[in-house]
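Report on the following structure.
We did not get these values from a lab; they are worked out from the coordinates using the rules stated. Everything quoted here is computed from the prediction, not taken from an experiment. No Cβ is skipped: glycine too gets one built from the backbone with ideal geometry, and neighbour counts run over all protein chains shown.
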Amino acid sequence: MSFTVAIVGRPNVGKSTLFNRLVGKKLALVDDTPGVTRDRRPGDARLMGLTFTIIDTAGLEEADAESLQGRMRAQTEAAIDEADLSLFVVDAKSGLTPVDTDLAEMLRRRGKPVVLVANKSEARGSDSGFYDAYTLGLGEPTPISAEHGQGMLDLRDAIVAAIGEDRAYPAKEDVAVTDVDIPQTEGEDSDADEEPPAYDETKPLRVAIVGRPNAGKSTLINRFLGEDRLLTGPEAGITRDSISVEWDWRGRTIKMFDTAGMRRKARVIEKLEKLSVADALRAIRFAETVVIVFDATIPFEKQDLQIVDLVLREGRAAVLAFNKWDMIEDRQAVLADLREKTDRLLPQARGIRAVPISGQTGWGLDKLMQSIIDTDRIWNKRISTARLNRWLETQQIQHPPPAVSGRRIKLKYMTQVKARPPAFMISCTRSDALPESYTRYLINGLRADFDMPSVPIRIHFRSPDNPFEGKKRRT
């Protein structure tokens with residue numbers, strides 16, 4: 001991207017709506033409640049041929065530095081300092097307030113380019129608010145409607161005038177066209193006996209951090225980054241949007257998603273919390289590995305177990321992180337108890353990696369990252385068809401499928417149809433009659449014999465078509 005733009009303004013003037021309009025997706029949560037956005041969220045914006053990085057920020061308010069609103073203000077000011085240009089959004093419908101005047105003075109002191117944006121200009125009676133915006137001394141306001149997409153061309157022209165055409169439209173270098181290898185699409189037929197490709201250690205990895213409220217998810221990510229990138233504090237439920245941040249770990253790009261704490265469904269009543277939880281669920285679906293953060297002082301609450309089960313049902317690679325380990329006194333006894341409970345309470349995730357950590361001090365984070373990489377490697381694992389069929393034959397010798405109604409079920413052929421998570425197809429007779437217990441036996445055998453602990457494993461059974469089915473027998 002050529003430059004960075006921060007959207008700033010007081011609460012409830014439509015900053016997140018404008019952010020969603022510019023990125024072309026509903027990434028930021030939008031609600032009539034003031035102060036929905038708390039963290040700063042970056043995105044890739046496209047506006048009438050103009051491309052840049054956009055940052056959505058929390059509404060600026062005058063508050064004590066130690067309060068939640070004060071910490072939100074610090075995050076917004078950091079975004080302003082990071083950006084090359086600020087879009088100062090005011091509400092033309094309701095008019096200016098003293099807060100707008102104070103914010104205009106703060107932006108003027110920064111000495112960076114500012115584009116004054118009069119949002120909600122489509123509303124009846126917005127003319128007076130639009131003309132009042134001239135009194136802020138930031139130049140001519142640009143009237144827009146972020147909700148309806150009106151005035152976007154004028155906004156583009158105002159951004160180009162403020163940042164300069166050289167920054168807005170950098171010269172593109174000529175790129176030579178070369179022959180490229182088209183990778184084989186997942187699921188295409190390949191040589192059955194050919195060894196699967198090795199795990200790519202350089203591929204970027206998407207990791208979602210989930211858990212109950214106040215488990216320490218944002219603090220954990222801040223410790224990884226080495227800066228106060230995400231809003232934290234003693235209050236439960238600070239995070240609302242699923243915020244993504246990127247950083248490098250031992251030369252590999254890691255994209256982490258901080259998510260809102262997920263409470264029991266019966267307790268989620270307010271609309272805003274429902275939107276936050278839905279955003280967290282989307283982050284789980286788009287992630288590759290999911291870290292479920294437990295509070296080590298009160299682990300294995302019912303909601304913790306439900307979150308783990310949700311992650312596994314979505315087919316994601318899962319790692320448990322027992323946070324706040326610095327608050328545990330008898331660590332050896334607690335660790336043994338946690339291991340026993342993990343095996344007993346999570347039988348569907350046999351062998352899942354569980355790492356004690358402290359997001360506050362940074363203890364155990366390297367071990368957690370190594371567990372994430374190792375789990376992702378298993379999640380991407382592929383096994384050749386020849387090895388699978390030799391294994392299937394051995395399994396049937398050791399434990400033959402049960403006979404149903406006096407007829408034996410025979411497993412004929414096995415192949416891996418996909419990875420991420422590993423999924424296998426077995427051709428057999430009478431697939432509908434095979435009991436669930438035998439499926440679990442095969443899954444446990446795959447985990448043990450091919451070293452695939454902790455990740456979800458799918459097995460599908462298919463019976464070959466009978467060409468004579470439905471035809472009348474000749475007499």
Cα centroid separation - segment 91-167 against segment 195-262, whole Å: 34 Å
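So for ASP451, ASP326, ASP44, fewest C-beta neighbours within 10 Å to most, what's the order?
Working: ASP451 10, ASP326 16, ASP44 13.
Taking fewest neighbouring Cβ atoms as first place, the list is ASP451, ASP44, ASP326.
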How far is the Cα center of segment 1-30 from the Cα center of segment 316-363, in Å? 38 Å
Could you tell me what % of all Cα pairs in segment 212-363 have separations over 25 Å? 27 percent
Using alpha carbons only: equivalent-ellipsoid semi-axes of segment 321-475, gyration tensor based, whole Å: 43, 16, 12
With 10 angstrom as the radius, rank ARG331, ARG38, ARG223 by how many other C-beta atoms surround their C-beta, starting from the fewest. ARG331, ARG223, ARG38
Hey, what angle do you get for helix 152-163 against the long axis of the chain, alpha-carbon based, 0 to 90 degrees rounded to 10? 70 degrees
Of SER16, PRO456, ILE409, which is farthest on the positive side of the dipole of the chain, counting Cα position, with +1 on Lys and Arg Cβ, -1 on Asp and Glu Cβ, and the Cα centre as origin? ILE409
Angle between the Cα long axis of helix 68-82 and the longest principal axis of the chain, 0 to 90 degrees, nearest 10? 80 degrees
In degrees, nearest 10, the alpha-carbon axis of helix 365-379 is tilted away from the dominant principal axis of the alpha carbons of the chain by 50 degrees
Residue order, fewest to most beta carbons within 10 Å, for LEU345, LEU310: LEU345, LEU310
Name the lysines eligible as straight-distance cross-link partners of LYS203: C-alpha to C-alpha under 26 Å, and not fewer than 8 places from it in the same chain. LYS25, LYS217, LYS255, LYS367, LYS381, LYS418
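Using only alpha-carbon positions, what ratio does the radius of gyration of segment 4-168 give when scaled by 2.2 N^0.38 Å? Intermediate results must be reported in sequence, preceding the final value.
On the way: Rg = 14.4 Å, N = 165, 2.2 N^0.38 = 15.3 Å.
It is 0.94.
Evaluate the charge dipole of segment 385-462 about its Cα centre and quote only its size in Debye, nearest 20, assuming +1 on the Cβ of each Lys and Arg and -1 on the Cβ of each Asp and Glu.
Numbers: 13 positive and 5 negative charges, 49 e Å.
Roughly 240 debye for segment 385-462.
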Ratio of the Cα radius of gyration of segment 385-462 to 2.2 N^0.38 Å, where N counts its residues: 1.05
